[in-house]
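Following: one structure in structure tokens, then a few remarks.
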Amino acid sequence: MTTAPTSQVSQRHRGLIARIEPFMGVLGPLVMIVMIAAFMGVFEPARYFRLSNMNQILLDAALYMPMAMAMTFVITQRGIDLSIGSVAALSAIIVAFLMKQYGFPAWVCVFIALGLGGVMGLINGLVITRLKVPDLIGTLAMDLVYRGFALVLAKGLVLARFPDLITEIGRGQMFGILPTPVVIGLITMVGGYFLLRNTYFGRYTIAIGSNPEASEMTGVSVDRHKVYAYTLMGAMAALAGVMLLGKLNAIQATSAPYFNLHVIAAVVVGGTSLFGGRPSILGSLAGVLLLSMMINALVTLRIEFFWQSVASGVVIILSVATYAWLQKKDRDGGGSVGAALANPDNKKILILALIFAVILALMFAMGAVLAAPPGASG
Amino acid sequence: MTADEKPVISMRGIKKRFGGVVALDGVDLDAYAGEVLAIVGDNGAGKSTLIKILTGVYQPTTGYIELDGQRFTMADHSEAIANGIDAVYQNLALADHLTPAQNLFLGTELTRKFLGLSILDNRRMDREATEVLRSRLGVELRDMNVPTESLSGGQRQAVAIARAVRHKDLRVLVMDEPTAALGPQETARTLGLIKALRDQGLAVVVISHSLDDVFEISDRVHVQRRGTCAGVVKTANVTVEEVLGLITGANAAAA
């Protein structure tokens, strides 16, 4: 009789964790969003919570929504795409030229851009599936190729001033208050959710990421659906390129340098597993919002722009480490610092770290002692 | 089975070469409806290659397969499924992050029309999966909405089997070491499933290393040895020692 209630409690406890787990992707970023909001509410409430600033955050987030949606598919299939920044820049530059120099109508150019991005994504997919180049190297190399073409085309030029349709896509307002890019971004997110739940592509994306061999055995065309995912990724990167073009009303070959990591960070923060099989479109949306809020907070606090890169990196590491810890079945033991130091491997790593600390300390001391006034030589 | 009964499927003179290695050298095999045929043999005897040819994964270098006495060829596994032949592999070929129903229909999803597009009919797949598991295998899962990875080994096996038997025109079911990764209780349950499928009129072909299991469920035993068939015996007429002898080659004449 005495054991029954406890086992019931532990049962219920496990049930609760199991029930929460699918929503971790959304809950995690939501908790962080609330934390950022609370922090900013204490330190910079007036400037952070202004309507115009909220608008700014959404506008910034919208740019990444289509890409985060597509990247969710790519990562769920155990893939990665590091070329999206260049795909966005190259497609935007090509259509910018078509509009500025050849007078193509803007609406045609939007579709041309999507098509070009899709083709670039298709090429990525073929490089990975047909030429058997691992996705990391394949898309990194294609990133160089696309960026190179963008530089060849645009040289150092900044193309600016585009038709109203383009600026509407990039920074217009719909229904009075809702920015057009946010509407576009949310539509792609909803589309992604539908694709994931209700189409062969979505179902096979999870199956491929979960167990590629089993998918192949049961007649799923693994390579074809991988190509689909990269094609979608390319098209969505191009859409982001057009949105960026309209947002800035200008474009150059070096635009969109940090799209890759920003989007991957948003997706991973949102709980989509890098090890495949676990997508979370809603989580990706939350991740995009979180990163935009964080970067905006840094700007509002007047922290130097370059710290953004540091903050993004730290958020990625923290969230992936947290998810890895949550995935771990056995969370007992290995708790205290003392126990960790007793491990011989950890001892050796500690010694290595100490050696480096000593060498660095010595060299700094030596440099400071021997320092001469900086001359004209350098 | 009785001599006048025709086999559902026959393999004749199957030879398979991988580069210079001859994996199978002129193997014959017959499987009858309502019968469990066990394939036993040492590692590298060609069991897996044989059933991969039977299920269309590999194509024989020479030799042919007959279905109801008609010669036919399969370009890939999906053609085998279309012809009523399916397999449950040792690794079960389940996508662990999908639900049991999604796994059951993996590769053959049901669709419905939505604004002129065909989209997945998740509700119907859930319903039919539950129905197949209950009516064909007598298995009821507590929760159909969990990832397959959270199920027990026996339940996962049931999902994999259900995927094969879901097809109404399935006639030949091939199982590769169905009990290898299971505990005693789950093994007994899986053997029960195999018997139930046999009684439903399927021709079941089982690869197994466990002679205990083989003697419990099989009607005939096909012994592979070094790429050839060392003999086909009726389970009722032999002892474990005799089958072991065939496997190791100690008494090659016993067939």
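The values are calculated or read from the model by the stated rules, or taken from the named source; none is laboratory data. These figures come from a predicted structure and were not determined experimentally. Cβ placement follows ideal geometry from the backbone for every residue including glycine, while neighbour counts extend to all protein chains displayed.
Structure summary
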read-out: Leading residue by the ranking (farthest from A:E216 (Cα to Cα)) among those in region B:70-87 that are in a strand (DSSP E or B) and either in contact with a helix residue (DSSP H, G or I) (Cβ under 6 Å, 6 or more places away or on another chain) or away from every other protein chain (no Cβ under 11 Å) (or both); value: B:Q70
read-out: In region B:123-145, residue nearest to the chain's Cα centre (by Cα) [restricted to those that are at pLDDT 90 or above and β-branched (V, I, T)]; value: B:V132
read-out: Unique residue being more than 14 Å from chain B (Cβ to nearest Cβ) and assigned to a strand (DSSP E or B) when the list is A:L186, A:L159, A:L165; value: A:L159
read-out: A:A286 being of a type in the set (G, A, S), more than 30 Å from A:T205 (Cα to Cα), in contact (Cβ under 8 Å) with a residue 60 or more places away in the chain and surrounded by 12 or more Cβ atoms within 10 Å (Cβ to Cβ); value: no
read-out: Flag for B:L104 being touching a helix residue (DSSP H, G or I) at 6+ places or on another chain (Cβ under 9 Å) and either touching a residue at least 24 places away in the same chain (Cβ under 8 Å) or under 22 Å from A:G277 (Cβ atoms) (or both); value: yes
read-out: Residues satisfying the stated conditions in region B:3-30, i.e. touching an Asp or Glu at 6+ places or on another chain (Cβ under 8 Å), modelled with pLDDT of 90 or more and among the charged types (D, E, K, R); value: B:R12, B:K15
read-out: Restricting region B:50-69 to residues that are hydroxyl-bearing (S, T, Y) and in a loop (DSSP other than H, G, I, E, B), the residue that is nearest to the other protein chains (Cβ to nearest Cβ); value: B:T55
read-out: B:D96 being more than 20 Å from the chain's Cα centre (by Cα) and of a type in the set (D, E); value: yes
read-out: Any hit, region B:180-192, residues being part of a loop (DSSP other than H, G, I, E, B), modelled with pLDDT of 90 or more and within 17 Å of the chain's Cα centre (by Cα); value: no
read-out: Unique match (being surrounded by fewer than 24 Cβ atoms within 10 Å (Cβ to Cβ), within 20 Å of A:V119 (Cβ to Cβ), over 15 Å from the mean Cα position of the chain (by Cα) and not aliphatic (A, V, I, L, M)) among A:T231, A:T254; value: A:T231
read-out: Helices (runs of 4 or more DSSP H) wholly inside region B:88-173 containing at least 2 residues that are of a type in the set (V, I, T) and farther than 20 Å from A:T199 by Cβ; value: B:122-137, B:153-165
read-out: When residues of region A:202-228 are limited to those that are under 22 Å from the mean Cα position of the chain (by Cα) and within 15 Å of A:G125 (Cα to Cα), the one farthest from the other protein chains (Cβ to nearest Cβ); value: A:V227
